[in-house]
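Reading through the structure tokens given below for one structure.
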Amino acid sequence: MATRILFVCLGNICRSPSAENIMNHLIQQRQLSDQVSCDSAGTASYHVGSPPDRRMAEAAKAKGITLTGRARQFTPADFERFDWILAMDRQNYRDILSLDQSGDYAHKVHLMCDYCRAHPDQDVPDPYYGGPEGFTYVIDLLMDACEGFLDHMLEQPVAPPSR
Ligand code: 4NP
């Protein structure tokens with residue numbers, strides 16, 4: 001069975017759909033479609049049903065990535081459906097864990113930037129209220145993190161329970 005990855009940000013219109021589509025691009029390049037599948041979601045409901053932000057789509061397109069999908073909200077059922085849940089920033093991380101009252105799924109939840117190899121960032125910065133350079137930076141950062149994560153995951157396909 002394929003390993004399932006869920007990328008999570010706040011609105012699911014900028015960072016997490018970018019991560020999902022970048023990872024799908026890497027999966028195709030490496031011919032891993034039978035082994036890995038991806039989705040994305042937002043902790044908030046403001047943009048449910050919306051396509052990716054136009055400014056984010058333009059920045060992705062400039063790097064050869066086409067953004068697809070419609071926003072949806074993260075739900076506790078996602079804890080069961082996915083093997084890895086990757087939060088774009090520390091607030092997303094806390095918001096996801098706050099929905100896991102039992103603590104049973106904490107071992108699946110990780111910070112995206114922990115897998116960066118070329119960037120020192122701890123968070124994927126929220127580009128929503130900034131200029132175009134913020135969107136380009138998100139794509140560069142996510143390319144680094146997605147490559148690092150994919151290499152890590154292929155060595156360890158399912159996150160082990162922490163206890
Ligand atoms: P995302 O970006 O979490 O990367 O999708 C945002 C999208 C919308 C808002 C904030 C961040 N918002 O405040 O509406």
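The values are calculated or read from the model by the stated rules, or taken from the named source; none is laboratory data. No experiment lies behind these values; they were computed from the predicted model shown. Every residue, glycine among them, receives a Cβ derived from its backbone with ideal geometry; neighbour counts consider all protein chains shown. When the accessible area is computed, the model is the full protein with side chains, heavy atoms only, and any ligands, DNA or RNA have been set aside. Shrake-Rupley method; radii C 1.70, N 1.55, O 1.52, S 1.80 Å.
Taking region 88-112 as the region of interest, how many residues are more than 12 Å from the chain's Cα centre (by Cα) and in a helix (DSSP H, G or I)?
Step one: list which residues in region 88-112 are more than 12 Å from the chain's Cα centre (by Cα), which gives 90-91, 94-108.
Keeping just the survivors that are in a helix (DSSP H, G or I) gives 90-91, 94-97, 106-108.
Going through region 88-112 one residue at a time, the tally reaches 9.
Within the group Cys38, Cys14, which residue is touching an Asp or Glu at 6+ places or on another chain (Cβ under 7 Å) and open to solvent by 20 Å² or more (accessible area, probe 1.4 Å)?
Just a single option satisfies the conditions, and that option is Cys38.
Which ones in region 17-35 are open to solvent by 10 Å² or more (accessible area, probe 1.4 Å), touching a helix residue (DSSP H, G or I) at 6+ places or on another chain (Cβ under 9 Å) and either within 16 Å of the ligand (Cβ to nearest atom) or not hydrophobic (A, V, I, L, M, F, W, C) (or both)?
Asn21, His25, Arg30, Ser33, Gln35
With the condition kept exactly as written, say whether any residue in region 136-157 is modelled with pLDDT under 95, open to solvent by 50 Å² or more (accessible area, probe 1.4 Å) and assigned to a loop (DSSP other than H, G, I, E, B).
yes
Mind counting the residues in region 41-54 that are within 11 Å of the ligand (Cβ to nearest atom) and either without any contact (Cβ under 8 Å) to a residue 12 or more places away in the chain or surrounded by 17 or more Cβ atoms within 10 Å (Cβ to Cβ) (or both)?
So in region 41-54, the residues within 11 Å of the ligand (Cβ to nearest atom) come out as 41-47, 50, 52-53.
Of the ones still in play, those that are also either without any contact (Cβ under 8 Å) to a residue 12 or more places away in the chain or surrounded by 17 or more Cβ atoms within 10 Å (Cβ to Cβ) (or both) are 41-43, 47, 52-53.
The number of residues fulfilling the criteria is 6.
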